[in-house]
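Q: Dumping the structure here so I can ask a few things about it.
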Amino acid sequence: MLEIIQFVIVAMLLFAAVVLESFAIFGVNRFRFSLNRLHAAAIGDTLSMTCVILAAVVYTGFELLSLKYFMILTLMWMTSPVSGHLISLLVYKTDEKTDEEAKVWKN
């Protein structure tokens, strides 16, 4: 009975990851401004990767391998926002249409 519950939880987490990544792909294809596309990709990627790693932890059980999975998740949580921010800064500095497409905050 415990294996069935474990299987259902893993299946639900993997299904949630597929749905979240599908929304991210839809957002990347739907939006026309690059910063909006970047935001959809970064959020969807982080959330779907979290669901996949949690599914792996539930599948393997709580052991040393789970600690490694959580370390991968922590690295992903730290690097994804930083890379998204750097890419958005690059778009802001190089794109002439940024003022037309987005509200730019002036200090």
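Q: Tally time: how many residues in the stretch 29-52 are part of a helix (DSSP H, G or I), open to solvent by 50 Å² or more (accessible area, probe 1.4 Å) and of a type outside the set (S, T, N, Q)?
A: Residues flagged as part of a helix (DSSP H, G or I), open to solvent by 50 Å² or more (accessible area, probe 1.4 Å) and of a type outside the set (S, T, N, Q) within the stretch 29-52 amount to 8.
Q: Mind checking whether some residue in the stretch 62-73 is among the β-branched types (Val, Ile, Thr), in a helix (DSSP H, G or I) and open to solvent by less than 70 Å² (accessible area, probe 1.4 Å)?
A: no
Q: I've got another one for you. Looking at (1) of a type outside the set (Lys, Arg); (2) free of Cβ contacts under 8 Å to residues at least 40 places away in the same chain; (3) open to solvent by less than 90 Å² (accessible area, probe 1.4 Å), which one does Glu101 not meet, given that it meets all the others?
A: Failing condition for Glu101: (2).
The values are calculated or read from the model by the stated rules, or taken from the named source; none is laboratory data. Source: prediction; values computed, not measured. Ideal geometry is used to build each Cβ from the backbone, glycine not excepted, and the neighbour counts take in all protein chains shown. Please note that ligands, DNA and RNA were not included when accessible areas were found on the heavy atoms of the full protein model with its side chains. Shrake-Rupley method; radii C 1.70, N 1.55, O 1.52, S 1.80 Å.
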